[in-house]
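Structure first, then comments.
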Amino acid sequence: MRHLFLFLPLLIPLVTAVLGLLAWNKPRLQRMLGVCGTATLLASAAALLVTVLKEGIISAQAGNWPAPFGITLVADIFSALMVLAAGVMGLAVSIYSLADTDRHHESVGYYPLLQVLLLGVCGSFLTGDLFNLYVWFEVMLIASFVLLAMGGRREQMEGAIKYVALNLIASAFFLAGIGLLYGVVGTLNMADLAVRLRAVPHVGTVPVIAVLLFCAFSIKAAVFPFFFWLPASYHTAPVAVITIFSALLTKVGVYVLIRIFTLIFIQETSTGQPVILAATIFTMMAGALGATAQPELRRILTFCVVSQIGYMLMGLGIMTPLALAGSIFFMLHIIAAKSALFLSTGIVSRLTGTTELARLGGLYHKRPLLAALFLVPALSVAGIPPLSGFWGKLALIQAALGTGHYLTVTVALGVSILTLYYLVRAWSEIFWKKRQGTDNDEYHHVSPTHRRQMLVPTVLLASVSLLMGIAAEPVFRLSLLAARQLLDPGSYISAVLGVRP
Amino acid sequence: MQSLILSTAIRLLMPLFLLFSVFLLLRGHNEPGGGFVGGLVAAAAFALYSLAHGAEAGRRMLRVDPRLMVAFGLMTTLVSGMLPFFSGQPFLTSLWSTFPAPVIGHAGSPLLFDTGVYLVVAGMSLLIIFSLMED
């Protein structure tokens, strides 16, 4: 019954979404379903990771049609780790949403949509078929369109239109790439593609397809020069929604980039190394410079999301086990740390009613815990030891030094300093400086239940980041195992097709 | 605008439409048809009825909330996909009964899946049509 573990992360969100549909007019029941569903998802993701660690890469064929004809689901350590991250984020955001979501959003199906989003994300992580991946992307995008536009305020619609337009273009690229690939190779099963494409030198259409797919997923992952839609749209949505978007959606793009360029387009990865590294460098710089110039907290953080995507791509550009392990570790770290930052931003905005840095200040006296909750993930994102970001960056920079990519190292270190600068500046503006205008420190009242519901997930994610820093070794060993699996496509292929190529 | 011709005709056509949609659902097994198009035909019947008599009358004629139809349809497809778990086979594996059934030949879990699709498509289209008409 190993295949059950592969289907459960898809079935649980789907069943929860359907139950949410049945409980349409009962918001209390929907909230409970949201929390219970994501908790179960987390448990099933943990079970999947344990199974994969024990038995190696596992695969299942939906409908029992043998690969490459049926729809394949595959889990290696990398995808199992990402599903686990999706489970943690789903649970954290579901709990946070209990306090943060207004009645209107609940009445138009916020909780079931969140489950559909998680379904799409888990599906993208687990599928072993390119066309199936496209379908999961659409599931994810449709849910995200609605979540982003929910509420229908003017600036929200503006952000949503940019988001929808750019993502549809990316989907068109993706579909065009899939069509061409099917025309050339005659299969879309990823393992089968890997077998057929590794035998021949890639000339003619194949590199073009690789570039098309690289562009498509770069748009989804907000890589330079396709990142501009992200800061333009993310900051308009409610905090819980941006948190899960920034934690999972861009990471799905990075995940797919790493997956297809280590499995299918290996030859293009080595010839295209300068392009990937250039994209990395510019993504880091563009995000960091953008964030430095912003006067508003949520905009700073959305630019920061872009800047960190650069680090994740770095591993793909360098392509050594250490570099890929660094990327994977960094992805896990940034999902926890950045989300903790977003959630504590949400608490700040709930207390003060604003996220403009100029109008904030003096929060440290009244809310020292919140100040710590913002500072810990901020320092972690900047890469201060002993927090998790430090170890991720250390591995990446070590790998880059080892292979002689000195320019990348310089930029990565410079961007780290910039990150430290703008996050600490934001922190001191919010918590330290004297609040302008009002002489008394009056904040909006937040009921104790809501306070708990907002604090618990924030503390949870911040402590994940802290723990990943203090006990970095087991997590890093796991990332290294995942990286080794990625660099040995043979085991993936034999797990899917059942034969050693 | 009330059209006498439409409202008279739809009373006679509606049972035909619904019968035809079930026919399509059952026929879709081996030949063109299936749950999707069957569901659309069923939705078309109710949509025409609502055009003739108003969305409120259409909802009353349907009796169930279209949202519930979607939910139950999804549940049905999920159950049909999960049945093979009991015999240790992967999700969505087709199970066939060995007894020949009249009209459809052999009954199996794909028919259950198609019934779910029928409900989802009919429910979803009607959900959209009703909310557009009431706007």
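The values are calculated or read from the model by the stated rules, or taken from the named source; none is laboratory data. Predicted model only: the values in this text are computed from it and were never measured. In this analysis, Cβ positions are derived from the backbone assuming ideal geometry, glycine residues included, and neighbour counts consider all displayed protein chains. Quick note on the areas: whole protein, heavy atoms, side chains included, nothing else; ligands and nucleic acids left out. Shrake-Rupley method; radii C 1.70, N 1.55, O 1.52, S 1.80 Å.
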* When you count, for each residue, the other Cβ atoms within 10 Å and take the mean per peptide, how do B:107-114, A:210-217 rank with the highest first? -> A:210-217, B:107-114
* Asked: Taking all protein chains as present, what is the carbon and sulfur share of the accessible area of the protein assembly as shown, in % to the nearest whole number, probe 1.4 Å?
  -> 70
* Expressed in nm to one decimal, what extension gain is obtained for the pair A:Leu413 and A:Ala293 from 0.36 nm per residue of sequence separation less their Cα-Cα distance? -> 41.3 nm
* What FRET efficiency comes out for the pair A:Glu138/A:Val108, r = Cβ-Cβ distance, R0 = 25 Å, nearest 0.05? -> 0.75
* To do: Return the distance in nm (one decimal) between the two label points of a simple spin-label model at B:Trp96 and A:Glu158, each offset 7 Å from Cα along Cα→Cβ.
  => 6.0
* To do: Could I have the simple spin-label model distance between B:Leu13 and A:His450, label points 7 Å from Cα toward Cβ, reported in nm to one decimal?
  => 5.3
* Structure fact -> Of the listed pairs A:Lys162/A:Lys338; A:Lys26/A:Lys251; A:Lys220/A:Lys338; A:Lys251/A:Lys393; A:Lys162/A:Lys434; A:Lys338/A:Lys366, those with alpha carbons more than 27 Å apart are A:Lys26/A:Lys251; A:Lys162/A:Lys434
* To do: Work out which helices of chain B, taken as complete DSSP H runs, extend at least 30 Å along their axis over the Cα atoms and score a mean Kyte-Doolittle of 0.0 or more, then list them.
  => B:4-27, B:109-134
* Structure fact -> Heavy-atom accessible area per residue of segment B:4-134, all protein chains kept, 1.4 Å probe, expressed in Å², is 54
* **Backbone N under 18 Å from the A:Ser270 label point (7 Å along Cα→Cβ), restricted to segment A:377-400** => none
* Nearest-0.05 FRET efficiency for A:Ala172 and B:Gln89, computed from C-beta distance (R0 51 Å) -> 0.85
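Provide the FRET efficiency to the nearest 0.05 for the A:Asn25-A:Ala278 pair, computing r from the beta carbons and using R0 = 45 Å.
0.25
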* With a 1.4 Å probe on protein heavy atoms only, tell me which residues of segment A:18-50 lose at least 50 Å² of accessible surface in the complex relative to the chain by itself. => A:Val18, A:Leu21, A:Leu22
* Nitroxide proxy distance, nm - points 7 Å out along Cα→Cβ at A:Lys433 and A:Leu487 -> 4.7
* **Summed buried accessible area for A+B [probe radius 1.4 Å, Å², rounded to 100]** => 1500
* Asked: So what's the gap between the Cα centers of segment B:99-135 and segment B:39-96, to the nearest angstrom?
  -> 4
* Hull shadow area, averaged, chain B [alpha-carbon convex hull, nm²] -> 9.2
* Proximal charge balance of A:Thr449 [Cβ under 15 Å; K/R count +1, D/E count -1] -> +4
* Asked: Rg/Rh for segment A:272-470: what does it come to with C-alpha atoms and Rh from Kirkwood?
  -> 1.02
* Using unit Cβ charges (K, R positive; D, E negative) and no other charged atoms, how large, in debye to the nearest 20, is the dipole of segment B:4-134 about its Cα centre? -> 200
* Asked: Over its Cα atoms, what ratio of radius of gyration to 2.2 N^0.38 Å does chain A give?
  -> 0.93
* For segment A:13-124, rounded, prolate or oblate, judged on the Cα gyration tensor with a ≥ b ≥ c (square roots of eigenvalues), a/c < 1.5 rounded, else prolate if a/b > b/c? -> prolate
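For chain A, what relative contact order do you get, as a whole percent, if you take Cα pairs closer than 8 Å and at least 6 residues apart?
Details: 826 pairs, mean separation 82.5, N = 501.
It rounds to 16 percent for chain A.
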* Would you mind pulling out the separation of the Cα centroids of segment A:77-119 and segment A:221-273, in Å? => 19
